[in-house]
Amino acid sequence: MKIAATFRKITERIARTSSFRITLLAILSAMVVGAFIIILSDIDKLQNGDIIGAIRTVGSAYWALVVGSFGSLRAISATINSATPLILCGVSVAVAFKAGLFNIGATGQMLAGGMAALWVGFSMDGPGIIQVPLAVLAGAVGGAAYGAIPGILKARTGAHEVITTIMLNNMAGFLVLWLLKTNLFQRADRTDPISKLVSAPGHLPRLFGFLSDRPDLVAHAGFVVAILAVIVYWWFLNRSTTGFEFRAFGMNADAAQYAGMHTKRLTVMAMMFAGAFAGLAGSAEVLGTYGYASQNFAGNIGFDAIAIALLGRSTPLGTLLAALLFGALQAGGRQMQANTDVPIDLIVVLRALIVMFIAAPLLIKAIWRIKVAPTSLGQTFRGWGS
């Protein structure tokens with residue numbers, strides 16, 4: 001028995017190492033392709049035959065990315081601020097992935113959670129030690145309630161979560177627009193859809209608040225919430241019975257049902273948990289980054305989260321690191337554009353390339369001539385008829 005257990009641990013470690021190697025090679029491949037794009041887009045140097053100068057532009061651009069992400073306290077603060085909602089929404093998508101579900105609705109769940117947190121944020125006036133946790137909790141509850149809708153539809157009617165969550169994203173956007181024009185939410189001195197301001201005690205504290213002379217350090221305590229969410233996600237997957245059921249259900253729904261698991265309940269719970277994490281992202285943006293809500297405060301974070309969960313293989317640590325990478329790219333992109341005139345749109349291209357290579361491990365195998373373990377061939381999902 002000990003020999004079998006040891007062999008199983010060694011096999012799992014090899015699989016994890018192979019998966020990690022594929023991820024690193026996917027990022028490296030994206031950077032190489034990005035370098036060629038930078039060279040080809042440097043028309044002036046190419047026309048003058050200055051190939052060396054074009055190559056130097058690549059080095060300058062990538063170095064500016066590093067400096068803009070981690071080169072100063074301000075850069076680190078910007079990276080943390082950009083990564084905070086990405087971590088929470090990444091966990092949202094990842095927990096659904098683990099249950100074999102494809103959550104496209106993190107944007108809508110983030111909007112629902114953000115509006116719930118906003119209401120607590122401006123309707124109370126302290127004390128902050130009570131108001132802030134209540135507002136964050138309201139965000140989680142709002143997101144969970146909105147995430148439960150596609151879960152119930154999936155469990156009761158078989159409606160596929162991809163379709164329902166996409167439609168619910170649109171519905172959430174119009175719902176937020178309507179709410180921001182009501183007397184309850186709209187700012188008194190404005191006619192456009194802008195919400196009331198969160199009261200001072202309701203703001204998430206600044207991480208670097210002890211540096212009162214540095215208002216440019218925008219990172220806030222939502223990052224702490226995000227780290228705690230990752231820890232909770234790890235504990236849930238690896239230490240709880242329900243987390244085990246999620247993983248079993250995601251790997252083989254028929255086997256999970258045959259084993260006596262309540263698959264319909266697991267479907268609803270998975271979408272509720274996903275919604276709760278996305279709702280926390282909404283509360284972090286409203287209570288920490290902006291201090292109010294506009295129609296598009298969620299931006300494209302919910303869709304970026306899909307790429308993050310794929311890049312992180314839906315694991316807690318992997319999702320955290322992937323979100324930090326995307327946050328660093330976002331924060332460093334502005335410095336790159338300022339220093340080298342390479343447009344910030346390159347960041348979008350790099351993200352897309354990373355996801356493409358992650359989604360095609362066999363392509364990585366062919367490019368780098370390596371062997372890919374079967375367990376590292378990517379995330380799988382149940383079909384439309386399941």
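A short reminder: the numbers here are calculations on the coordinates, not readings from a lab. Here the structure is a predicted model, which is why all the values come from computation and not from measurement. Quick reminder, even Gly has a Cβ in these numbers, built from the backbone with ideal geometry, and neighbours come from all protein chains shown.
Couple of notes before you dig in:
- Cβ crowding within 10 Å, taken as a proxy for footprinting-reagent exposure, orders Tyr62, Tyr290, Tyr233 from fewest neighbours to most as Tyr290, Tyr62, Tyr233.
- When Rg and Dmax of the Cα atoms in Å is calculated for this entry, the matching label among (1) 33.1, 139; (2) 23.3, 66; (3) 22.2, 72 is (3).
- In this rough spin-label picture, where each label sits 7 Å from Cα along the Cβ direction, the Phe303-Gln257 distance is 3.3 nm.
- Where labels lie 7 Å past Cα in the beta-carbon direction, separation of Arg214 and Lys264 in nm: 5.5 nm
- Take the Cβ atoms of Asn339 and Ser240, set R0 to 35 Å, and the FRET efficiency comes out at 0.15.
- Packing-based exposure ordering (other Cβ within 10 Å, fewest first) of Phe70, Phe97: Phe70, Phe97
- Coupling constants for the stretch 242-259 follow from the phi torsions by the Karplus curve (6.51 cos²θ - 1.76 cosθ + 1.60, θ = phi - 60°), and in residue order they are 5, x, 4, 5, 4, 5, 5, 5, x, 6, 7, 5, 5, 5, 5, 5, 5, 6 Hz; glycine and proline get x.
- Placing a label point 7 Å from the Cα of Asp44 along the Cα-to-Cβ direction, the residues of the stretch 58-94 with a backbone N closer than 17 Å are 58-61.
- Packing-based exposure ordering (other Cβ within 10 Å, fewest first) of Met261, Met115: Met261, Met115
- Residue (of Ser19, Ile43, Ala64) at the positive-pole extreme of the stretch 12-97, dipole from beta-carbon charges: Ser19
- Over the chain, DSSP H runs of length four or greater, each weighted -39,500 (n - 2.57), average out per residue to a 222 nm ellipticity of -24000 deg cm²/dmol.
- About its Cα centre, the dipole of the stretch 2-376 is roughly 1340 debye, where the only charges are +1 on Lys and Arg Cβ and -1 on Asp and Glu Cβ.
- Dipole of the stretch 2-376 computed with +1 at Lys/Arg Cβ and -1 at Asp/Glu Cβ about the Cα centre; of Gly288, Pro205, Leu311, farthest Cα towards the positive end is Leu311.
- Under-5 Å amide H pairs with His220, H placed in peptide plane, nonlocal only: Leu207
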